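Notes to accompany the following structure.
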Amino acid sequence: RQDNTARQYMSPRTIEGPKEQLYRVPLVRVDIGDEGPQLTEVGTPEWLTESFIRKSYGAAPDRLRGFRVSGDAMSGSLQAGDRTRGILWEGESLIDGAIYVLYSEPGGIVYRRVRFESEKIRLVADHPDMADRTLKADAWHKRFRPVAHILEIVRAI
């Protein structure tokens, strides 16, 4: 019996990719080491062009990382299991209303939205059952260190 089902194949000659170099964007987990937060690569990386990274995120490709959300503290914005893209923090000013991966001592790693209120910083958990945390600016610098600024949620369709 002959299979008459129409099939489509793409030969290497018909596949065209970007004309520029692709950059490897690793998916990482933030672990707590002796010296604070450390990034451990996990899962499958993404490959994006430099022009896409610079145009979309305004940063050098070597600063972009993928992060997998765990926990439900940000469930109004981020769901457990979501893959996000973030730019590694290098001391630049924080952005009011932005979501960051934060290292706290003690406490570990948290995702929180940062809000500025006069002389204070409020860390907002979007989950309705989780209380926000407000700190004076000097206490903030002693207790928290940003790891990355989350810029995008990448969800499968």
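Values in this text are rule-based calculations from the coordinates and carry no lab data. Fair warning: this is a prediction, and the values are worked out from it, not measured in the lab. As a convention, Cβ positions derive from the backbone with ideal geometry for all residues, glycine included, and neighbour counts pool all protein chains shown.
Take every pair of alpha-carbon atoms less than 8 Å apart whose residues are at least six positions apart; their mean separation over the length of the chain yields a relative contact order of 19 percent. Here's the picture: charge each Lys and Arg Cβ at +1 and each Asp and Glu Cβ at -1 in the chain, and of 93, 116, 64 the one pushed furthest to the positive end of that dipole is 64.
So how strong a dipole does the chain carry about its Cα centre when Lys and Arg Cβ are +1 and Asp and Glu Cβ are -1, to the nearest 20 debye? Display every interim value, and only then the final one.
Working: 24 positive and 23 negative charges, 86 e Å.
Charge dipole, the chain, about its Cα centre: 420 debye, nearest 20.
Per the Cα gyration tensor, the chain maps to an equivalent ellipsoid with semi-axes of 38, 18, 15 Å, ordered largest to smallest. Inter-part distance, the range 46-79 to the range 93-157, computed on C-alpha centroids, equals 16 Å.
Restricting attention to the chain, close to 95% of DSSP beta bridges with both partner residues there are antiparallel.
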